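Below is one structure; the comments refer to it alone.
The values are calculated or read from the model by the stated rules, or taken from the named source; none is laboratory data. Every value quoted in this text rests on a predicted model; they were computed, and no experiment measured them. Glycine also receives a Cβ, built like all others from the backbone with ideal geometry; neighbour counts cover every protein chain displayed. These area figures cover heavy atoms from the full protein model, side chains too; ligands, DNA and RNA do not enter into them. Shrake-Rupley method; radii C 1.70, N 1.55, O 1.52, S 1.80 Å.
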Amino acid sequence: MDYFQTSGLLINILTMLVAVGSSCISYLVYKESTYPDVIVYLEQNNEVKTVLNIVIKNIGKSAAKDVTFSFDEKTFKNSLPNGEYSALTKGALVSGIPFLAPGSCRILRLGNFADSKMILGDHKIRVTTTFRKANSKNPFAKNITNESYIELLSLARVDASDNSNEKKIAENLARIEKALLNIKTQH
């Protein structure tokens, strides 16, 4: 009888430890999923496919504050022929972002592929983003650091033709106008 009571006690203690461990893991997963997560990447402009944008986006579930950026090396290899590369020398990448809501982003126009290649070169540039959780109740909350990469080579040979709806509508209107002019000249 003593053997059954001891083994029952051990099973209960083991079950309790598993439950406590499971609760701790669940809390840590929940806590981690409520943090902001700010990333930086390069993409084609939706309106003008030949133009590239640098996108800064909060993909986390919470707002980020005091967002700053640092780069692993000299980011700008050359300036453009007109001396400008304002997306990389002015604005959010240089001055930072005081508050970035979850799901929101800042889109910085970089330029066309050739100009971007002159500025960025052929290698990936590591961007270290540092920020804090905006609504943290913890007075000892630490900065959150995240690494992203801006790289141009994966966008080489990507279709940059203009397939926007505006262009398609303009082409169809031009065809309709031409057909109407043909009908008018026939009568």
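Roll a 1.4 angstrom probe over the protein heavy atoms and tell me the percent of accessible area of the chain that is carbon or sulfur.
Details: 7430 of 12840 Å².
In the chain, the share of accessible area belonging to carbon and sulfur is 58 percent.
Report the gain in length on full extension from residue 20 to residue 173: 0.36 nm times residue separation, minus Cα-Cα distance, nm rounded to one decimal.
On the way: separation 153, 0.36 × 153 = 55.08 nm, distance 6.75 nm.
Taking residue 20 through residue 173 to full extension adds about 48.3 nm, to one decimal.
Cross-link list 90/124; 57/133; 31/133; 65/124; 61/142; 49/178: which exceed 19 angstrom alpha carbon to alpha carbon?
Table pairs above 19 Å Cα-Cα are 90/124; 65/124; 49/178.
So what is the relative contact order for the chain, in percent, with contacts set as C-alpha pairs under 8 Å and at least six apart?
On the way: 281 pairs, mean separation 43.6, N = 187.
The normalised contact order for the chain reaches 23 percent.
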- Task: Would you mind working out the accessible area per residue for the chain, using a 1.4 Å probe, and quoting it in Å²?
- Result: 69 Å²
- Query: Taking the chain as a Gaussian network, Cα atoms linked when under 10 Å apart, which of 150, 97, 13 shows the biggest mean-square fluctuation?
  - Reply: 13
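Excluding the sites themselves, what is the longest stretch of the chain that contains no GluC sites (Glu not before Pro) in a DSSP loop with at most 12 other C-beta atoms within 10 Å?
On the way: sites that count: 47, 73.
The reported range is 74-187.
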- Message: Using only Cα atoms and rounding to the nearest 10 degrees, what angle (0 to 90) does helix 2-33 make with the longest principal axis of the chain?
- Response: 30 degrees
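Taking every pair of distinct Cα atoms and averaging 1/r, then inverting, what Kirkwood hydrodynamic radius in Å comes out for the chain?
Working: mean 1/r = 0.0474 Å⁻¹.
Computed over Cα pairs of the chain, the Kirkwood hydrodynamic radius comes out at 21.1 Å.
What 222 nm value per residue comes from the helices of the chain, counting each DSSP H run with n ≥ 4 as -39,500 (n - 2.57) and dividing by all residues, nearest 500 deg cm²/dmol? Could you put the intermediate results ahead of the total?
Working: 5 runs with 70 residues, N = 187.
Helix-only estimate at 222 nm: -12000 deg cm²/dmol.
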- Item | Gaussian network model of the chain, springs between alpha carbon atoms under 10 Å - residue of 34, 15, 128 with greatest fluctuation | 15
- Tell me which lysines have Cα within less than 25 Å of residue 184's Cα, excluding those fewer than 8 residues away on the same chain? 168
- Query: How high is the relative contact order of segment 99-180, given as a whole-number percent (alpha carbon pairs under 8 Å, six or more residues apart)?
  - Reply: 27 percent
